[in-house]
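One structure is given below, encoded as structure tokens.
The values are calculated or read from the model by the stated rules, or taken from the named source; none is laboratory data. Please read these numbers as outputs of a predicted model, since none were measured by experiment. Neighbour counts are summed over all protein chains in view; Cβ atoms, including those assigned to glycine, are modelled from backbone coordinates with ideal geometry. Ligands, DNA and RNA are excluded from the accessible area calculation, which covers all protein heavy atoms including side chains. Shrake-Rupley method; radii C 1.70, N 1.55, O 1.52, S 1.80 Å.
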Amino acid sequence: MFRKFRVVLFIFLIAGVVFAAAASASATDSHSWDGLKDRLVTDGFNREYVDSVFSASSLKYDSTMMARKMRVLLKRRFEPPAKKVAREKQFDERYISPVMLAGGYSYLREHYDLLLKIDKRYGVAPSVVVALLLVETKLGFTLGNAPAFNNLANMAASSDPLKFFDELGYKKLDDEDMRWLKKRTQKKADWAYRELSALLKFSSDNTIVPTDIPGSPYGAFGICQFMPSTALHYAVDGDGDGRIDLFGRDDALFSMASFLERHGWTNSLSKEKKLKVIYRYNHSMVYARTIYEVARQLEKIRSTFGPA
């Protein structure tokens, strides 16, 4: 009974936030999302909740994010194998600069007691948690500009590459590459739909208006930059206030460590195995090597100057 009341109250809250803006939205804008809305309702979401969320005035169809992703994937498809192998053995040197490391070390010192508490609970060293936070959001200062909901909804609605082919930078693709593009775009649109669904569920569970959540171009959010499906499975209530806020320091840091621990992390792992666990956070070996190197450098600084 309480759960039903909470859902109704949350729907009413969203409706109140977006009502004024929705009044000026055109009928064309509203109807363009009908297929996606119907799919969400079929998958179990409340119709009123879905309609309220999609009535936000900030939600306009734009294929830019999908075009951007497909440009990256096409570039990788045409990349010589030897170049790809060489690239994945590198790390991003921007995060190993004196300024970045100084910021990371300052954060580690300031929050060392909390980080030790996290290490004791999850077995993830302070330097690793801070390295993740530094690379993901520059210690919480870079969170993304557009609503995560908008980006995911637009990608989910952009399953046809012909909608944005002119934005890809290719005059023409051969038949094989075009078949690949269509298949890959559909796969990415289905992925975006699953993440959109996860974002709606996470928002409902934690009484958040989903269209108010700032995120990355591909829908990651919070200072830990979790994808919505990751948030559903691995986010934890670090400060014990009864809800999960990934823009809050404690919840985000505990959640990052929770993710690593549940993917097999221990501080005693070999470098190779640590890289494999970090790779699960972001599927890039350049990323994994960067996190590992930042953490290693922070440990060197800590061992020299101490944690406080």
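Okay, residues lined up against (1) out of contact with any Ser or Thr (no Cβ under 6 Å at 6 or more places or on another chain); (2) at pLDDT 95 or above:
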residue: Lys182; (1), (2): yes, yes
residue: Ala189; (1), (2): no, yes
residue: Asp205; (1), (2): yes, no
residue: Ile208; (1), (2): yes, no
Handout entry: Residue tally, condition buried (at least 23 other Cβ atoms within 10 Å of the Cβ), out of contact with any Asp or Glu (no Cβ under 9 Å at 6 or more places or on another chain) and not in a helix (DSSP H, G or I), over the stretch 228-255
Key = 1
Exercise for the section: Hey, can you tell me all the residues within the stretch 158-202 that are within 24 Å of Arg39 (Cα to Cα), touching a residue at least 40 places away in the same chain (Cβ under 8 Å) and of a type in the set (Gly, Ala, Ser)? Expected result: Ser158, Ala189, Ala192, Ser197
Handout entry: Arg280 being touching a residue at least 24 places away in the same chain (Cβ under 8 Å) and not aromatic (Phe, Trp, Tyr)
Key = no
Practice task
State whether one or more residues within the stretch 243-260 are under 18 Å from Leu143 (Cα atoms) and among the β-branched types (Val, Ile, Thr).
Solution key: yes
Practice task
For residues that are in a loop (DSSP other than H, G, I, E, B) and either open to solvent by 70 Å² or more (accessible area, probe 1.4 Å) or modelled with pLDDT of 90 or more (or both), tally how many sit in the stretch 57-76.
Solution key: 5
Problem - Search result, residues across the stretch 155-192 that are in a helix (DSSP H, G or I) and open to solvent by less than 10 Å² (accessible area, probe 1.4 Å) - result: Met155, Pro161, Leu181, Thr185, Ala189, Ala192
Practice task
Give the residues of the stretch 77-93 that are modelled with pLDDT of 85 or more, surrounded by 11 or more Cβ atoms within 10 Å (Cβ to Cβ) and in a helix (DSSP H, G or I), sorted by residue number.
Solution key: Arg77
Completion exercise
Considering the stretch 31-49, residues that are closer than 17 Å to Ala198 by Cα and without any contact (Cβ under 8 Å) to a residue 24 or more places away in the chain, and then whichever is surrounded by the most Cβ atoms within 10 Å (Cβ to Cβ), we arrive at Lys37
Fill in the blank from the handout: Subset of the stretch 135-154, residues in a loop (DSSP other than H, G, I, E, B) and not hydrophobic (A, V, I, L, M, F, W, C), comes to Lys138, Gly140, Thr142, Gly144, Asn145
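To keep it simple, each residue is scored yes or no on (1) of a type in the set (Phe, Trp, Tyr); (2) within 18 Å of the chain's Cα centre (by Cα); (3) crowded, with 21+ Cβ neighbours inside 10 Å; (4) within 18 Å of Ser106 (Cβ to Cβ).
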residue: Gly264; (1), (2), (3), (4): no, no, no, no
residue: Tyr281; (1), (2), (3), (4): yes, yes, yes, no
residue: Ala288; (1), (2), (3), (4): no, yes, yes, no
residue: Gly306; (1), (2), (3), (4): no, no, no, yes
Handout entry: Close pairs (9 angstrom Cβ cut-off, 6 or more residues apart or separate chains): within 13 Å of Ile291 (Cβ to Cβ) in the stretch 254-268, of a type in the set (S, T, N, Q) and not in a loop (DSSP other than H, G, I, E, B) anywhere
Key = Phe259/Thr230
Practice task
Restrict the check to the stretch 117-127 and report whether at least one residue is farther than 15 Å from Asp250 by Cα, free of Cβ contacts under 8 Å to residues at least 12 places away in the same chain and part of a helix (DSSP H, G or I).
Solution key: no
